[in-house]
Amino acid sequence: MKRSLKRSFQDAFTGLWFCLGTQRNMVIHVTAGLLAIGLGFFLQVTVLEKLILLIVIFFVIILEVVNTAIEKAVDTATRDYDRNAYYAKVVAASAVLLAVFLAVITGLVILAPPLYRLVW
């Protein structure tokens with residue numbers, strides 16, 4: 001049975017709302033991203049710098065969505081402790097962690113100099 005394009009978009013947004021409603025880290029990532037973008041506008045960073053911030057923010061959020069999907073799939077596949085299931089989950093989480101490191105470093109490189117000039 002072929003799904004409509006509208007239904008595909010509805011399902012995608014359902015997944016996004018599920019992540020926002022159930023994953024604490026997703027809320028933290030979105031909040032931090034909004035603060036970084038807001039700070040970028042306040043500090044009047046360049047359009048390219050805003051774009052770079054958006055890319056790394058969305059990269060973190062995308063990986064958090066994928067991480068949630070992996071966790072749910074693993075939880076569905078096994079109810080008992082399984083070493084491979086454990087590593088599937090922690091490796092997926094480590095991908096998010098690496099993306100967060102990248103986002104923090106990128107944010108500091110872009111936002112720290114104009115923030116420093118504003119304060120000092």
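The values are calculated or read from the model by the stated rules, or taken from the named source; none is laboratory data. Given the structure is predicted, the values throughout are model-derived calculations rather than measurements. Here the Cβ is made from the backbone with ideal geometry for all residues, glycine too, and neighbour counts use every protein chain on show.
Key figures
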| quantity | calculated |
| --- | --- |
| Some residue of the stretch 82-89 being surrounded by fewer than 14 Cβ atoms within 10 Å (Cβ to Cβ), without any contact (Cβ under 8 Å) to a residue 60 or more places away in the chain and under 19 Å from the mean Cα position of the chain (by Cα) | no |
| Set GLY33, GLY21: member being among the small types (Gly, Ala, Ser), part of a helix (DSSP H, G or I), out of contact with any Gly (no Cβ under 9 Å at 6 or more places or on another chain) and surrounded by fewer than 13 Cβ atoms within 10 Å (Cβ to Cβ) | GLY21 |
| Subset tally (residues that are under 13 Å from the mean Cα position of the chain (by Cα) and surrounded by 14 or more Cβ atoms within 10 Å (Cβ to Cβ)) for the stretch 47-57 | 4 |
| Selected residue (only one of GLU64, GLU71, GLU49 is assigned to a helix (DSSP H, G or I), of a type in the set (D, E, K, R) and closer than 25 Å to VAL119 by Cβ) | GLU49 |
| Filtered residue count, the stretch 78-102, keeping only those that are within 28 Å of ASP11 (Cα to Cα), in contact with a helix residue (DSSP H, G or I) (Cβ under 7 Å, 6 or more places away or on another chain) and assigned to a helix (DSSP H, G or I) | 9 |
| Which numbered condition ILE28 fails, given (1) modelled with pLDDT of 95 or more; (2) over 30 Å from LEU115 (Cβ atoms) | (2) |
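Each row is one residue, and each column tells you yes or no for (1) under 21 Å from GLY33 (Cα atoms); (2) free of Cβ contacts under 8 Å to residues at least 24 places away in the same chain.
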{"residue": "LEU51", "(1), (2)": "yes, yes"}
{"residue": "VAL60", "(1), (2)": "yes, no"}
{"residue": "GLU64", "(1), (2)": "yes, no"}
{"residue": "ASN67", "(1), (2)": "yes, no"}
{"residue": "VAL74", "(1), (2)": "no, yes"}
{"residue": "ARG79", "(1), (2)": "no, yes"}
{"residue": "THR106", "(1), (2)": "yes, no"}
{"residue": "ARG117", "(1), (2)": "no, yes"}
